[in-house]
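To start, the structure itself, in structure tokens.
The values are calculated or read from the model by the stated rules, or taken from the named source; none is laboratory data. In this text the structure is predicted, and so the values were computed from the model without any measurement. Here the Cβ positions follow ideal geometry from the backbone for every residue, glycine too, while neighbour counts run over all protein chains shown. Keep in mind that these areas ignore ligands, DNA and RNA; they rest on the heavy atoms of the full protein, side chains included. Shrake-Rupley method; radii C 1.70, N 1.55, O 1.52, S 1.80 Å.
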Amino acid sequence: MSKPGKMKSWIEAMRLRTLPVSVAGVIMAVGYACVYGFFNALPAALCMVFAILAQVASNFANEYYDYRDGLDRPGREGPRRGVTEGDITPRAMLTATYVTLGVACAVGCSLIFYSGWWLVPVGIFIALGVTAYSAGPYPLSRHGLGEVAVILFFGVIPVNFTYYLQCGQWDIQVFYGSLSAGLMGANVLIVNNYRDADADAAVGKRTLAVILGRRSVAWLYVANGVMAVMLMWKVWHELPAYAQIVPELYLTMHILASIKLFRTRGWALTPLLGMTATLMLAYSLAFMIIAACQ
């Protein structure tokens, strides 16, 4: 099989199927800002750019450090790993990781105007989280903490801080929404690790799917989706009655996705990963649009 072109290899390394996870959290925060009458487009747009760049940097870092530590093998299940397959040099991937992270930090610094210098430690914490997922003395992705990291960095932090940067205040309902986004995002990782469980176990990568087993994390996938909707039950009922169709449709699609997860193995799960991320994005978009139109 011939190697893909350089551009295609870099696009694959970005893991576009997972980017809805970072986008959805910001969109959900915009929805809450619309519900409570505080929408501010510019800081929301900057948060969106920051979130996308931070996730791309994290995806690059994951590919580089897994290659460096011998956790990737040629011909693995899932998307092609450019560094492992020889499409991208390790040095180029490492450079791309920290250049992308640097650009994200530069965008993040522009948000100081809306909050003050106290935001700098938050940005440093996020930057450390980007690399701590795959690198450092205790890589989170290799010790069953990947899903916890997703809940924090793709749910709690982006939703609450994007809302705060628009509104200048915190809100308990927004916090519940951030947990909802985090649980949906964690489901994307669950599908990824469920698919790769055998390959990960073979190289000593202890994801939650390896530690608990496929059946247990499949049930966790089911529970996460249901809990995600329950956490936002109050805010959905503050919206017009027709809005209730959104959580109902999400739950229906989530159950169908769960059935597929229980019945599928290997590469065939990759479309389900994209479907799970798309469901999260569609749910957040619907919430934002209905909130903006009320």
List the pairs whose first member sits in the stretch 4-21 and is within 18 Å of Leu189 (Cβ to Cβ), whose second member is modelled with pLDDT of 85 or more and among the aromatic types (Phe, Trp, Tyr), and whose Cβ atoms are under 7 Å apart, counting only residues at least 6 apart or on separate chains?
-> Ala13/Phe60; Val21/Phe154
Lys260 is checked against (1) surrounded by 13 or more Cβ atoms within 10 Å (Cβ to Cβ); (2) touching a residue at least 24 places away in the same chain (Cβ under 8 Å); (3) assigned to a helix (DSSP H, G or I) and fails just one. What number does that condition carry?
-> (2)
Of Met48, Met7, Met14, the only residue that is over 22 Å from Tyr283 (Cα atoms), within 16 Å of the chain's Cα centre (by Cα) and open to solvent by 10 Å² or more (accessible area, probe 1.4 Å) is Met14
Among the numbered criteria (1) in a helix (DSSP H, G or I); (2) small (Gly, Ala, Ser); (3) over 24 Å from Leu42 (Cα atoms), which single criterion is violated by Ala135?
-> (1)
So, of the residues in the stretch 193-252 that are acidic (Asp, Glu) and open to solvent by less than 70 Å² (accessible area, probe 1.4 Å), which turns out to be nearest to the chain's Cα centre (by Cα)?
-> Asp196
Pair list, Cβ under 6 Å, 6 or more apart: the stretch 204-233 residue over 14 Å from Pro247 (Cβ atoms), other residue surrounded by fewer than 18 Cβ atoms within 10 Å (Cβ to Cβ) and of a type in the set (Phe, Trp, Tyr) = Ala218/Phe262
Name the pairs: first residue in the stretch 131-153 and on the phi < 0 side of the Ramachandran plot and of a type in the set (S, T, N, Q), second residue part of a loop (DSSP other than H, G, I, E, B) and open to solvent by 20 Å² or more (accessible area, probe 1.4 Å), Cβ to Cβ under 7 Å, at least 6 apart or on different chains?
-> Ser141/Tyr133
When you scan the stretch 263-286, how many residues do you find that are assigned to a helix (DSSP H, G or I), more than 19 Å from Ser180 (Cα to Cα) and open to solvent by 20 Å² or more (accessible area, probe 1.4 Å)?
-> 4
Considering the stretch 226-249 alone, what residues qualify as being over 22 Å from Ile172 (Cβ atoms) and assigned to a helix (DSSP H, G or I)?
-> Ala241, Tyr242, Ile245, Glu248, Leu249
Quick one: how many residues across the stretch 165-179 are assigned to a helix (DSSP H, G or I) and surrounded by fewer than 21 Cβ atoms within 10 Å (Cβ to Cβ)?
-> 6
